[in-house]
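Visitor: Dropping a structure here in structure tokens format, bear with me for questions.
Bear in mind these aren't lab numbers, they're just calculated from the coordinates by the rules spelled out. What you see is a predicted model; the values in this text were computed from it and never measured. Note that each Cβ is placed from the backbone with ideal geometry, even for glycine, and that neighbours are counted across all protein chains shown.
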Amino acid sequence: MQQIDLVRHGPVAGPAALYGWTDVMLQQSSPACLSWLSTQSYQHVLTSPLQRCRHSAAAQAQRLQLELVIEPDLKEMNFGLWDGVPFDEQSPCWPAQQQFWQQPFAITPPKGESLIDFQQRVLRAFELHSGSQYERQYEQHQHALWLVHGGVIRLLLASLLKIDLQQSSWLQQMSIAYGSVSRISRFNKQSPWQIHCIGSAGF
């Protein structure tokens, strides 16, 4: 059996904004919302290269004496000119940002990436690493930690649930809080992925 815990990073140190490729720091080096990870045992640890994910993932890899695998394609969405800019209702960008939140499939952030491009790179990374982790497993039960971003987790779950990206309401309805876990598993490589929980506070 293969099991993956999709865990979102802790709270970031910065004002409210669209943090995509902006390499913002964590508020705390050891976020309280991720303390539950210390009770878990994993055979693989994988992360986004951005420090808000990588820092906590490195701590878990060190605790478990595992190699830390860093995957650039699991970075958050690139929000282009909006990336890392604090929200401001007086900004000339605000109306376009409001449209993006309502119809992310139809709006591409200026000099950013489209939702389709984001989805394609995330799914490419998912297929690569979930497949390679399965091939390397020797134990009967293999459990992996993927410490990534909220947008990455939402797109992976949407794909597994076969949600149409043009239906934007799922973005608002799927709560993926800081430090939360969404657990998926499959019996073998030919089995479909099953979703055990979405946005849980931890185990």
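Visitor: Being surrounded by 12 or more Cβ atoms within 10 Å (Cβ to Cβ) and free of Cβ contacts under 8 Å to residues at least 12 places away in the same chain is the filter; apply it to region 152-196 and report the residue that is nearest to Q28 (Cα to Cα). Step through it out loud before you land on a result.
Guide: Kept after step one, since they are surrounded by 12 or more Cβ atoms within 10 Å (Cβ to Cβ), are these residues of region 152-196: 152-161, 163, 165, 168, 170-171, 174, 176-186, 193-196.
With free of Cβ contacts under 8 Å to residues at least 12 places away in the same chain added as a condition, the list becomes 163, 194.
On the way: I163: 34, Q194: 33 Å.
Restricting to residues being surrounded by 12 or more Cβ atoms within 10 Å (Cβ to Cβ) and free of Cβ contacts under 8 Å to residues at least 12 places away in the same chain, the top hit is Q194.
Visitor: Another one. Please work out which residue is surrounded by the most Cβ atoms within 10 Å (Cβ to Cβ), limiting yourself to region 1-27 and to residues that are of a type in the set (A, V, I, L, M), out of contact with any Asp or Glu (no Cβ under 9 Å at 6 or more places or on another chain) and not in a loop (DSSP other than H, G, I, E, B).
Guide: V7
Visitor: Condition first: in a loop (DSSP other than H, G, I, E, B) and within 17 Å of F118 (Cβ to Cβ). Now tell me which residues in region 91-106 satisfy that. Show your work before the answer.
Guide: Keep residues of region 91-106 that are in a loop (DSSP other than H, G, I, E, B), which gives 91-93, 103-106.
Q103, P104, F105, A106 - these are the residues of region 91-106 that are in a loop (DSSP other than H, G, I, E, B) and within 17 Å of F118 (Cβ to Cβ).
Visitor: Can you tell me which condition K111 does not meet? The list is (1) part of a helix (DSSP H, G or I); (2) touching a residue at least 12 places away in the same chain (Cβ under 8 Å), and all the others hold.
Guide: Failed condition: (1).
Visitor: Among the residues in region 90-107, are any surrounded by 17 or more Cβ atoms within 10 Å (Cβ to Cβ), in contact (Cβ under 8 Å) with a residue 40 or more places away in the chain, more than 23 Å from Q40 (Cβ to Cβ) and among the aromatic types (F, W, Y)?
Guide: Checked against the condition, which is being surrounded by 17 or more Cβ atoms within 10 Å (Cβ to Cβ), in contact (Cβ under 8 Å) with a residue 40 or more places away in the chain, more than 23 Å from Q40 (Cβ to Cβ) and among the aromatic types (F, W, Y), region 90-107 yields no hits at all.
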